[in-house]
1. Do we have any residue at all in segment 28-44 that's among the small types (Gly, Ala, Ser), at pLDDT 85 or above and either on the phi > 0 side of the Ramachandran plot or open to solvent by 20 Å² or more (accessible area, probe 1.4 Å) (or both)?
2. Taking the criterion of being more than 17 Å from residue 132 (Cα to Cα) and among the charged types (D, E, K, R), would at least one residue in segment 71-90 satisfy it?
3. Out of segment 18-63, which residues are under 30 Å from residue 92 (Cβ atoms), of a type in the set (A, V, I, L, M) and part of a loop (DSSP other than H, G, I, E, B)?
4. Restrict the check to segment 90-109 and report whether at least one residue is modelled with pLDDT under 95, outside any loop (DSSP other than H, G, I, E, B), over 15 Å from the mean Cα position of the chain (by Cα) and of a type in the set (Ser, Thr, Tyr).
5. For segment 110-122, how many residues are surrounded by 14 or more Cβ atoms within 10 Å (Cβ to Cβ) and assigned to a strand (DSSP E or B)?
6. For a quick check of your reading of the model, give me the residue pairs whose first member lies in segment 5-32 and is closer than 20 Å to residue 114 by Cα and basic (Lys, Arg), whose second is open to solvent by 60 Å² or more (accessible area, probe 1.4 Å) and modelled with pLDDT of 90 or more, with beta-carbon atoms closer than 9 Å and at least 6 apart or on different chains.
7. Quick one: which of 72, 78 is open to solvent by less than 20 Å² (accessible area, probe 1.4 Å), hydrophobic (A, V, I, L, M, F, W, C) and more than 27 Å from residue 4 (Cα to Cα)?
Amino acid sequence: MRVDLVSARIEDKVPDLVGRTLNAGDFADLVEKNRMPQQTPAAYVLPGGYTGGEAQTSAGLFVQTMSETVIVIVAVRVAGDPLHSAAVAQASPIVRQVIEGVAGWGPDEAPGVFVLSRGELVGAKDGLLIFQIDFTLMDQLRITP
(Lines give C-alpha, C1' and ligand atoms only; values in the text may rest on other atoms or scores of the structure.)
Protein backbone atom coordinates (compact mmCIF):
# COMPACT_ATOMS: atom_id res chain seq x y z
CA MET A 1 0.00 0.00 0.00
CA ARG A 2 1.11 3.50 -0.68
CA VAL A 3 -0.44 5.18 2.35
CA ASP A 4 2.92 6.58 3.50
CA LEU A 5 3.48 8.22 0.12
CA VAL A 6 -0.02 9.75 0.17
CA SER A 7 0.55 10.99 3.73
CA ALA A 8 3.79 12.66 2.69
CA ARG A 9 2.07 14.20 -0.33
CA ILE A 10 -0.71 15.67 1.84
CA GLU A 11 1.84 17.08 4.30
CA ASP A 12 3.67 18.67 1.36
CA LYS A 13 0.60 20.16 -0.33
CA VAL A 14 -1.77 21.08 2.55
CA PRO A 15 -0.12 23.50 5.00
CA ASP A 16 -2.90 23.14 7.59
CA LEU A 17 -2.23 19.38 7.83
CA VAL A 18 1.54 19.51 8.42
CA GLY A 19 2.16 17.41 11.54
CA ARG A 20 -1.52 16.45 11.60
CA THR A 21 -1.55 13.73 8.96
CA LEU A 22 -1.88 10.47 10.86
CA ASN A 23 -2.17 6.78 10.04
CA ALA A 24 -4.59 3.87 10.35
CA GLY A 25 -3.36 3.00 13.84
CA ASP A 26 -4.17 6.49 15.08
CA PHE A 27 -7.62 6.30 13.50
CA ALA A 28 -8.27 2.83 14.96
CA ASP A 29 -7.37 4.16 18.40
CA LEU A 30 -9.96 6.95 18.08
CA VAL A 31 -12.65 4.50 16.96
CA GLU A 32 -11.80 1.95 19.66
CA LYS A 33 -12.00 4.60 22.39
CA ASN A 34 -15.04 6.31 20.81
CA ARG A 35 -13.19 9.63 20.81
CA MET A 36 -12.96 12.58 18.48
CA PRO A 37 -9.66 14.11 17.34
CA GLN A 38 -8.43 16.68 19.85
CA GLN A 39 -6.63 18.84 17.28
CA THR A 40 -8.13 19.73 13.95
CA PRO A 41 -7.87 19.93 11.11
CA ALA A 42 -6.48 16.42 10.99
CA ALA A 43 -6.19 13.77 8.30
CA TYR A 44 -6.02 10.00 8.67
CA VAL A 45 -4.64 8.06 5.70
CA LEU A 46 -5.90 4.48 5.56
CA PRO A 47 -5.43 1.52 3.22
CA GLY A 48 -8.58 0.91 1.23
CA GLY A 49 -7.74 -2.28 -0.60
CA TYR A 50 -7.01 -3.62 -4.05
CA THR A 51 -9.20 -4.54 -7.01
CA GLY A 52 -7.88 -6.89 -9.68
CA GLY A 53 -8.48 -6.29 -13.35
CA GLU A 54 -7.76 -8.12 -16.58
CA ALA A 55 -4.89 -10.63 -16.50
CA GLN A 56 -2.70 -12.00 -19.28
CA THR A 57 0.13 -14.49 -19.50
CA SER A 58 2.71 -14.40 -22.23
CA ALA A 59 6.29 -15.66 -22.61
CA GLY A 60 6.49 -16.71 -18.97
CA LEU A 61 5.19 -13.39 -17.63
CA PHE A 62 1.96 -12.81 -15.70
CA VAL A 63 0.55 -9.28 -16.13
CA GLN A 64 -2.59 -8.01 -14.43
CA THR A 65 -4.07 -4.55 -14.16
CA MET A 66 -5.13 -3.57 -10.67
CA SER A 67 -6.26 -0.58 -8.70
CA GLU A 68 -5.25 0.43 -5.21
CA THR A 69 -7.54 2.54 -3.04
CA VAL A 70 -6.28 4.89 -0.35
CA ILE A 71 -8.81 6.50 1.99
CA VAL A 72 -8.27 9.91 3.55
CA ILE A 73 -10.44 10.88 6.51
CA VAL A 74 -10.42 14.64 7.15
CA ALA A 75 -11.66 15.97 10.49
CA VAL A 76 -12.38 19.69 10.87
CA ARG A 77 -13.80 21.38 13.96
CA VAL A 78 -16.01 24.32 13.03
CA ALA A 79 -17.56 27.18 14.94
CA GLY A 80 -21.34 27.28 15.20
CA ASP A 81 -23.82 24.67 14.07
CA PRO A 82 -21.94 22.00 12.07
CA LEU A 83 -24.95 21.13 9.94
CA HIS A 84 -25.38 24.53 8.29
CA SER A 85 -23.71 25.76 5.11
CA ALA A 86 -21.36 28.15 6.94
CA ALA A 87 -19.71 25.21 8.68
CA VAL A 88 -19.29 23.28 5.45
CA ALA A 89 -17.84 26.44 3.88
CA GLN A 90 -15.21 26.51 6.66
CA ALA A 91 -14.21 22.88 6.09
CA SER A 92 -14.40 22.81 2.28
CA PRO A 93 -11.07 24.54 1.54
CA ILE A 94 -9.08 21.89 3.43
CA VAL A 95 -10.98 19.05 1.78
CA ARG A 96 -10.41 20.70 -1.59
CA GLN A 97 -6.67 21.10 -0.90
CA VAL A 98 -6.41 17.38 -0.07
CA ILE A 99 -8.19 16.48 -3.32
CA GLU A 100 -6.03 18.83 -5.38
CA GLY A 101 -2.87 17.60 -3.65
CA VAL A 102 -3.45 13.91 -4.36
CA ALA A 103 -5.57 13.69 -7.55
CA GLY A 104 -3.44 13.64 -10.68
CA TRP A 105 -0.29 12.66 -8.79
CA GLY A 106 1.27 9.21 -8.71
CA PRO A 107 4.35 7.53 -7.32
CA ASP A 108 7.23 7.25 -9.78
CA GLU A 109 7.07 3.45 -9.89
CA ALA A 110 3.35 3.31 -10.80
CA PRO A 111 2.13 3.60 -14.39
CA GLY A 112 -0.94 5.63 -13.34
CA VAL A 113 -1.90 8.49 -11.07
CA PHE A 114 -4.38 8.77 -8.22
CA VAL A 115 -7.89 9.76 -9.23
CA LEU A 116 -10.72 10.88 -6.99
CA SER A 117 -13.13 7.96 -6.59
CA ARG A 118 -15.55 9.63 -4.23
CA GLY A 119 -15.80 12.00 -1.32
CA GLU A 120 -18.55 12.63 1.16
CA LEU A 121 -19.45 14.04 4.54
CA VAL A 122 -19.72 10.95 6.73
CA GLY A 123 -20.32 12.52 10.13
CA ALA A 124 -21.01 15.64 12.13
CA LYS A 125 -20.92 15.70 15.91
CA ASP A 126 -20.18 18.30 18.56
CA GLY A 127 -18.89 20.85 16.06
CA LEU A 128 -16.72 18.33 14.19
CA LEU A 129 -17.20 17.50 10.51
CA ILE A 130 -15.76 14.23 9.16
CA PHE A 131 -15.15 13.83 5.43
CA GLN A 132 -14.08 10.62 3.69
CA ILE A 133 -12.18 10.96 0.43
CA ASP A 134 -11.30 7.84 -1.59
CA PHE A 135 -8.50 7.91 -4.16
CA THR A 136 -7.73 5.12 -6.62
CA LEU A 137 -4.41 4.44 -8.33
CA MET A 138 -4.26 2.32 -11.49
CA ASP A 139 -1.31 -0.02 -11.32
CA GLN A 140 -0.06 -3.26 -12.83
CA LEU A 141 1.25 -6.54 -11.49
CA ARG A 142 4.15 -8.01 -13.46
CA ILE A 143 5.19 -11.40 -12.12
CA THR A 144 7.46 -14.07 -13.50
CA PRO A 145 5.90 -17.29 -12.12
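The values are calculated or read from the model by the stated rules, or taken from the named source; none is laboratory data. No experiment lies behind these values; they were computed from the predicted model shown. In this analysis, Cβ positions are derived from the backbone assuming ideal geometry, glycine residues included, and neighbour counts consider all displayed protein chains. Side chains are part of the model used for accessible areas, which takes the heavy atoms of the whole protein and leaves out ligands, DNA and RNA. Shrake-Rupley method; radii C 1.70, N 1.55, O 1.52, S 1.80 Å.
1. Looking through segment 28-44, at least one residue is among the small types (Gly, Ala, Ser), at pLDDT 85 or above and either on the phi > 0 side of the Ramachandran plot or open to solvent by 20 Å² or more (accessible area, probe 1.4 Å) (or both).
2. There is at least one residue in segment 71-90 that is more than 17 Å from residue 132 (Cα to Cα) and among the charged types (D, E, K, R).
3. Hits for segment 18-63 are 18, 36.
4. Yes; the residues of segment 90-109 include at least one that is modelled with pLDDT under 95, outside any loop (DSSP other than H, G, I, E, B), over 15 Å from the mean Cα position of the chain (by Cα) and of a type in the set (Ser, Thr, Tyr).
5. Number of matching residues: 6.
6. 13/97; 13/100
7. 78
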